Each structure stands twice: as C-alpha cells, then as structure tokens.
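Working notes, structure below.
The values are calculated or read from the model by the stated rules, or taken from the named source; none is laboratory data. Since the structure is predicted, the reported quantities are computational estimates derived from the model, not experimental observations. Virtual Cβ from ideal backbone geometry, glycine too; neighbours counted across all protein chains shown. We work out accessible area using only protein heavy atoms, side chains counted, and drop any ligands, DNA or RNA first. Shrake-Rupley method; radii C 1.70, N 1.55, O 1.52, S 1.80 Å.
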Amino acid sequence: MYDAVYKYSLETVLVHINVCNSRFSEINIPTDFVNTDYGKTLLDSIVTRLQAIGENIKKISRKNKSLESNHPEIDWKQIIRFRDFISHHYEMLDYEIIFQICQDYLPQLEFVLKEELAKF
C-alpha cells in the first residue's frame, strides 16, 4: 500500500514545512513581512516553499489517494489551488494570508504528514 516514492514525497513536503516554520519564526505580525527588505525576503522564501508544498501535494494526489482519504480534515484541493495561484498570480499575493497559512494551517498539515509517515 505504501511505497518508497510516496514516503519520499511526504518527507519532501515536511522538509519544506520545516523551512517555512524556521523562517516564519522570525515573523511576529503580518506587517513584519513588508516593513523591511529582510521581511520581504522571508515572505518570498516562504511563498516559494508553499508553492513547492502545493506542487508535491499535487503529485501525491495524482498517484495515491491515501493521503486524501486518510485525512479528509485537510482541504487538499485548496492546497493545490493555492500552488496554482502562487504560480500564476504571484503579484496578487496577500502577506496577511501567508501569515495565516503559516500560523494556522502549516502546523495541522505537519501533524497529518507525520501521522502518515508513522505508518511506515
């Protein structure tokens, strides 16, 4: 049921989440993303990792429906749509939404992925 590619893909997403968490730890309020050049750099780097998370989730969902069926509490399609939005409408990104994703949604996604990896 679980194969090496699936496991590797989950681990890859976790790496991206860990990088986001590390960089987000320097952000206290949403405007920290836009008040300094460093904040803007953190925003760009986090958004790039969110894009990679979405791309990997997209690939996983094409090949293996286990993640979606095992964890319906996560809106997998929204993660994929957000990846598409980043890719095609980067200039329209809202730093407050990125803040909310990092604060509210990445911890839940991280927990679910660790739970899924524990099955190996």
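Observations, loosely collected:
- Pairs of lysine residues in the chain - Cα separation under 13 Å, sequence separation of 8 or more or cross-chain: 7
- Scattering curve values for the chain, log₁₀ I(q)/I(0), Debye with Cα scatterers, q = 0.22, 0.23 Å⁻¹: -1.27, -1.36
- When the helices of the chain are scored as -39500 (n - 2.57) per DSSP H run of n ≥ 4 and the total is divided over every residue, the value at 222 nm lands at -22500 deg cm²/dmol.
- Taking Asp44, Asp75, Asp32 as the candidate residues, the one with maximal mean-square fluctuation in a Gaussian network model of the chain, Cα springs under 10 Å, is Asp75.
- On Cα atoms only, tilt of 106-117 relative to the major axis of the chain in degrees: 20
- Using alpha-carbon coordinates, inclination of helix 76-88 to the longest axis of the chain, degrees: 50
- Accessible area of the chain belonging to carbon and sulfur atoms, whole % at 1.4 Å probe: 54
- Sequence of Asp3, Asp84 when ordered by accessible area, the most exposed leading, probe 1.4 angstrom: Asp3, Asp84
- 0 to 90° range, to nearest 10: angle between helix 37-63 axis and the chain longest Cα axis: 20
- Around Phe120: net Lys/Arg minus Asp/Glu count, Cβ-Cβ under 13 Å: -1
- Between Ile80, Ile53, Ile29, the Gaussian network model of the chain with springs among Cα atoms under 10 angstrom shows the greatest mean-square fluctuation at Ile29.
- Other residues with beta-carbon under 15 Å from the beta-carbon of Tyr6 carry, at +1 per Lys or Arg and -1 per Asp or Glu, a net charge of +3.
- Electrostatic tally near Leu42: other residues with Cβ closer than 12 Å to its Cβ, Lys and Arg +1, Asp and Glu -1, net -1.
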